[in-house]
Amino acid sequence: MASLRAIRCGTLFDGTGAPPIRSAVVVVDGARITAVGPTATTPVPAGAPVLDWSDRFVMPGLVDAHSHISIVPGDGDQIGQLRQEAVPQALRATANLRRDLASGTTTLRVMTEEHFLDVAVRDAIEAGVIPGPRLLCGTRGITSSNGHGRAHSAFDGVEIFATGGVSSPGTTLNASVYSREEIRAAVEEARRAGKYAAAHAHGGPGLRLCVEEGVSTIEHAGLATDDDVALMKEHRAWLICTFSIFMHERGIEQGDGRNPAIMEKLAAARRVIVESFPRHLASGVRYASGTDGVHGAMPFELETLVRFGVSTRDALLSGTRWAAEACRLDSEVGSLGPGKRADLIAIEGDPLADIEALRRVRLVMKDGGVQDVMSNNHGRNG
Ligand SMILES: [Zn+2]
């Protein structure tokens, strides 16, 4: 078959949680994987072209569980960016998504865009018009008329802005924007449509109401207490960590560094995160990683997990299989096995030994095709 190919891997981390395999083969037919295993027991089909990645660490493409496509946080006023016309937003999105793909992200969950930009861009990527990760679209988030995240729309979608946010002055991070009945209605409507609800929630009553009413993924949880996290664990809610937006030099700091009201909230959030997340991550709550629009920063996200005491193995899982599970895409992506999409990245070095190796993504394959984006990478993944 013409679309059959084999990839020789120096080390293979398949994302299932199994130990890495030294010297492995992945066989791909079209967009899907047909076989994965040690070189000794995984035959290369006769006549199939072989890609030689035998000097590389190969793992599943990264899954960014929370991002935005049109926002550049370093430009500041993120909500103002969402209020712009569609064309400038779409142009930013093409540059942002190229950067994400070059840094190893092959799947990205989009949390709130205006103009249904995420849907149009997703379709353009699938049609091969522009390069980019596979997009899972949340379309418009539900926020109150005076709440965080308010740009144009304030009604439908599956993402709820349940508390205030750091980048909008005058909103409170703990107070609940919605009543229990409103949150319950959002969760029920999502379920009726065969979906789930995700909530932007930093902590306090806003977070707890969402967890109690069955919201599946809690985004940020920057001010969550130990009790909040215990409640999440009890309800099997996912904690979606988004450290980059708070900690990375291209996050809120670069964009809103001159706004004292925002910087005060940011400094407070950073103090709490550094103090509390090592405990949260060790608590047994399910977690996964997202960049929240700091494009190309998945390596930074996973480095931050390690800095907070997570093993390198679990950090890699947080950016692959666990993120896929949180996004309910784990039957397709996040690990490598027969039937899964052929989304693979080749890394120089061993991120299990040194997580910073993840900054050196040298090749990206998505749906069985090697992506031609590496020349625009400029080595600025960090
Ligand atoms: Zn976000």
Largest fluctuation, ASP292, ASP29, ASP354 only, Gaussian network model of the chain with Cα springs under 10 angstrom, belongs to ASP354
Share (percent) of C-alpha pair distances in segment 250-382 greater than 23 Å works out to 42 percent
For the chain, the longest principal axis of the Cα atoms and the Cα long axis of helix 260-281 enclose an angle in degrees, to the nearest 10, of 60 degrees
One would report the antiparallel percent of DSSP beta bridges in the chain, rounded to the nearest 5, as 45 percent
From the Cα centre of segment 71-87 to that of segment 16-46, the distance in Å is 42 Å
Burial-style ranking of 209-218, 250-259, average other-beta-carbon count within 10 Å with highest first, yields 209-218, 250-259
GNM on the chain, Cα springs under 10 Å; top mean-square fluctuation among PHE116, PHE308, PHE13 goes to PHE116
Rh (Kirkwood, all Cα-Cα pairs) for the chain, Å, reads 20.8 Å
Expressed as a whole-number percentage, the relative contact order of the chain with C-alpha contacts under 8 angstrom and at least six residues apart is 20 percent
Descending packing, highest mean Cβ count within 10 Å first, for 119-131, 87-99, 43-55 is 87-99, 119-131, 43-55
Quick note on CYS9, CYS327, ordering by fewest other C-beta atoms within 10 Å, gives CYS327, CYS9
Other residues with Cβ under 11 Å from the Cβ of VAL285 give, with Lys and Arg +1 and Asp and Glu -1, a net charge of +1
Full extension between GLU189 and ALA48 adds, at 0.36 nm per residue less the Cα distance, a length in nm of 46.0 nm
With Cα coordinates, the longest principal axis of the chain makes an angle with the long axis of helix 180-192, in degrees rounded to 10, of 30 degrees
Unit-weight point scatterers at every alpha-carbon of segment 166-250, Debye formula, q = 0.13, 0.16 1/Å: log10 I(q)/I(0) is -0.41, -0.60
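Only the coordinates and a few stated rules stand behind these numbers; no lab work does. Predicted model, so just to flag it, every value in this text is computed and none were measured. Neighbour counts are summed over all protein chains in view; Cβ atoms, including those assigned to glycine, are modelled from backbone coordinates with ideal geometry.
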